[in-house]
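Read the structure below first, then the notes.
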Amino acid sequence: MPLARLIAISSRALRWLGAACLAGAAGLTWAQADPPDRVAYISLQEGSAMLALDGRGSWTPADVNMPLTSGARLSTDPGSRTELQTGSAALRLDGRSDATLTLLDNQTTQLALTEGTLSASVRSLAAGERFEIDTPNLALVATTSGEYRVDVDPRTGSTRVTVRQGLADVWGDGGQNRRLASPQQWVFDGRSLGVVSQGAAPARDGFDRWVASRDTLLDQSRSARYVSREMPGYAQLDPYGEWQQDPTYGAVWLPSVTVADWAPYRYGRWSWVEPWGWTWVDDAPWGFAPFHYGRWTQIGPRWAWVPGPAHQRPVYAPALVAFIGGSAAGANWGVSVGNSGPGAAWFPLAPGEHWTPFYNASSRYRSRINDGFPPPRPGGPEGNRPPPPPPGSYVFQRRPGAVTVAPRDQFAVGDGRRPRFTDGSRLPAGQLADTRVIAPPPRSAVPGAPAQATGPSGRPPATVLMPRPDAHGMTDPRNTRTGADRQPAPAVGAFPGGNPDSGASRYEQRRPTPPAAAPAQTLPDGRPAIGPGPGTPAPAERERLIRDVRERDAERNRQQAIDALQQRQEQQMQQQRAAQQRQQELQRDQERRFEQLQRTPPQMQPQVQPQMQRQEPRQEQRFQIGAPQQQPQMQPQMQHEMRQERPAVREPQPQQVQRERRRDEREERQQQPRLRNEGFN
């Protein structure tokens with residue numbers, strides 16, 4: 001693709017994305033399209049955070065199990081941490097972070113991080129699926145599964161990208177890009193991918209260790225054996241229930257509840273979430289997957305959740321229930337709750353019962369959302385199964401213990417209050433038997449329906465972000481689909497007196513017209529300006545934001561200093577332990593040598609006895625006067641042999657030596673006269 005065309009595509013994409021972020025129109029463009037098959041939801045909230053479902057700056061407290069889709073914006077408070085799950089990916093935000101779910105559909109997960117820290121653990125990335133994180137300076141596009149972290153510092157304008165596992169492309173202004181492999185960390189400055197530093201990924205800090213611990217819980221989840229990992233919330237089931245194999249339904253999950261009158265869709269609240277309408281938000285920490293996927297049944301006295309086939313990619317539903325009503329409640333309401341006046345009643349769907357959405361949806365969408373739930377197989381003890389319903393009705397439609405009832409003023413309460421729901425026993429006698437399935441109450445008929453409050457001070461406005469300049473990576477949610485496959489919302493029953501706010505007309509009337517986007521401001525070099533723009537805070541507000549940024553930096557620096565000190569202390573302790581081990585090894589070696597010396601007996605050298613020279617016996621010789629005396633000589637070899645064969649002679653005692661000496665002297669005196677006489681002769 002030519003560079004000029006690529007830059008033109010980048011400019012058009014940037015203008016579109018900036019307008020979408022500033023106007024919050026990403027969540028308002030599904031009037032004629034099927035809702036996405038998947039959503040994100042808040043799976044864990046440590047501390048506090050604020051949520052704007054429409055992304056336009058009106059905030060409510062972020063609650064666990066709240067579903068999120070395109071346009072939702074999260075802002076975490078200092079010291080807080082938030083985890084989102086969407087499909088098999090997990091997104092974690094550190095304290096003082098601001099992120100927007102720019103686009104979430106069946107193929108694309110696109111987030112915008114304006115400040116703070118975002119860590120993404122992408123378990124799988126199917127063919128044609130894209131995962132992208134945009135910042136004011138760059139866009140990170142994951143090309144493989146892995147672990148990616150992005151830190152945005154709005155004060156310095158720098159962006160730090162850490163790739164611990166996987167492979168990612170980083171895109172800047174003018175089509176510049178770099179490929180980052182693991183384990184690497186890059187720090188970029190500005191929109192042109194100016195490299196401040198690069199190197200190997202550092203040791204994990206406190207936030208990274210928290211991310212690793214959360215990933216371990218997902219990796220070791222027992223529930224992943226029975227449901228698809230693309231189903232958000234599967235890991236939360238492990239500590240709160242047990243899995244069993246049922247001959248009728250297959251794998252079922254039984255929650256561990258202690259409330260006597262507990263039933264599905266009773267302990268929680270209803271919240272209006274576009275584009276689905278009334279959405280169930282359960283109070284239980286495990287209450288996401290069992291209330292948006294699968295069906296419920298009863299096995300004996302216990303409720304059991306039937307998740308459906310594990311090999312299929314699940315399709316999200318706002319609440320798999322059916323609303324019921326009669327003819328005595330008045331317009332827009334289904335039942336009469338005694339002295340409390342009109343109200344609403346609903347019950348969970350059982351396996352084999354199809355769910356009918358009350359928003360615009362194609363026939364193909366309805367088929368996918370009910371796929372995998374045929375009628376139950378015959379088998380198993382009949383006493384442990386709910387009795388079959390009458391023709392044309394549902395299993396739990398007329399069972400008081402399964403039906404939940406809400407008075408009109410308790411159906412949807414705001415200001416952080418929890419509604420008070422009861423079972424079907426509060427209905428007047430005979431009313432439950434005369435009910436039929438109807439549409440849920442319209443939003444306009446619900447008093448006190450929670451409207452998002454004004455955002456707290458200090459929440460920064462949305463920032464124009466840098467999208468990926470690849471035209472194939474930008475999925476415009478404004479591309480709507482029309483045709484013969486489009487069908488209006490079904491008319492399953494009707495409210496007494498008519499329901500002017502139901503079906504397609506209700507859905508389209510409740511969607512406001514997106515405001516026109518302000519023209520993008522540009523700098524002298526042609527780059528889009530980040531600010532000031534629509535929603536830019538006043539000078540006092542700007543000072544407060546700067547103060548918050550400095551406090552955040554000071555807190556982050558303090559935490560980094562603490563982590564570095566702890567790391568140094570751990571290294572010193574490791575060195576001390578190693579030195580102690582070496583000293584102990586040396587001491588053990590010395591002890592072993594000493595023991596060996598003690599076990600070995602000393603070797604004494606033999607004492608050598610002194611030897612006396614052997615004295616040969618004297619031979620009598622006759623001397624002649626005048627003749628030289630000749631002594632007999634021996635051959636050298638004989639001398640050598642005699643010396644070798646000479647035995648050792650014991651050392652004579654002094655008395656013996658004296659006796660021998662006197663004897664020799666006597667013999668010499670006796671021989672002298674005889675020799676003299678022989679010489680004369």
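The values are calculated or read from the model by the stated rules, or taken from the named source; none is laboratory data. Since the model is a prediction, treat every value here as computed from it, not as a measurement. Counting neighbours? That spans all protein chains shown, and the Cβs are built from the backbone with ideal geometry, glycine included.
The figures follow:
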| item | result |
| --- | --- |
| Pairs, first in a strand (DSSP E or B) in the range 294-314, second modelled with pLDDT under 90 and surrounded by fewer than 19 Cβ atoms within 10 Å (Cβ to Cβ), C-beta under 7 Å, six or more apart | THR297/PRO386; GLN298/PRO386; ILE299/ASN384 |
| Check on TRP253, crowded, with 17+ Cβ neighbours inside 10 Å, in the same structural domain as PRO307 (by TED's automatic domain parsing) and touching a helix residue (DSSP H, G or I) at 6+ places or on another chain (Cβ under 8 Å) | yes |
| Among residues of the range 160-177, those that are closer than 14 Å to SER119 by Cβ and part of a strand (DSSP E or B), counted | 7 |
| Odd one out for ALA99, checked against (1) assigned to a strand (DSSP E or B); (2) of a type in the set (A, V, I, L, M); (3) without any contact (Cβ under 8 Å) to a residue 12 or more places away in the chain | (3) |
| Residue within the range 237-258 that is free of Cβ contacts under 8 Å to residues at least 12 places away in the same chain and hydroxyl-bearing (Ser, Thr, Tyr) present | yes |
| Test: THR108 is among the hydroxyl-bearing types (Ser, Thr, Tyr) and crowded, with 23+ Cβ neighbours inside 10 Å | no |
| Per-region count, the range 69-85, residues in a strand (DSSP E or B) and closer than 10 Å to THR100 by Cα | 3 |
| Neighbours by Cβ (under 9 Å, 6+ apart or cross-chain): first from the range 275-287, under 10 Å from GLY233 (Cβ atoms); second of a type in the set (Asp, Glu) and not in a strand (DSSP E or B) | TRP286/ASP238 |
| Filter result for the condition that a residue is over 25 Å from GLU230 (Cβ atoms) and surrounded by fewer than 18 Cβ atoms within 10 Å (Cβ to Cβ), over ARG266, ARG302, ARG313 | ARG302 |
| Cross-chain or 6+ apart pairs with Cβ under 9 Å, the range 398-421 first and closer than 21 Å to ASP434 by Cα and outside any loop (DSSP other than H, G, I, E, B), then modelled with pLDDT of 80 or more and of a type in the set (Lys, Arg) | THR404/ARG266 |
| Sole residue being in contact (Cβ under 8 Å) with a residue 40 or more places away in the chain and farther than 18 Å from LEU51 by Cβ, chosen from LEU138, LEU104 | LEU138 |
| Every residue from the range 222-238 that is among the aromatic types (Phe, Trp, Tyr) and over 16 Å from the mean Cα position of the chain (by Cα) | TYR226 |
| Residues located in the range 151-179, provided they are free of Cβ contacts under 8 Å to residues at least 24 places away in the same chain and closer than 21 Å to ALA203 by Cβ | GLN165 |
| Within the range 182-280, strands (runs of 3 or more DSSP E) holding 2 or more residues that are more than 30 Å from GLY71 (Cβ to Cβ) and in contact with a Phe, Trp or Tyr (Cβ under 8 Å, 6 or more places away or on another chain) | 194-200, 241-246, 250-255 |
| SER88 being in contact with a Lys or Arg (Cβ under 7 Å, 6 or more places away or on another chain) and either among the aliphatic types (A, V, I, L, M) or over 27 Å from GLU555 (Cα atoms) (or both) | yes |
| Flag if PRO67 is more than 25 Å from SER221 (Cβ to Cβ) and not charged (D, E, K, R) | no |
| Every residue from the range 183-220 that is within 12 Å of the chain's Cα centre (by Cα), surrounded by 13 or more Cβ atoms within 10 Å (Cβ to Cβ) and among the small types (Gly, Ala, Ser) | ALA212 |
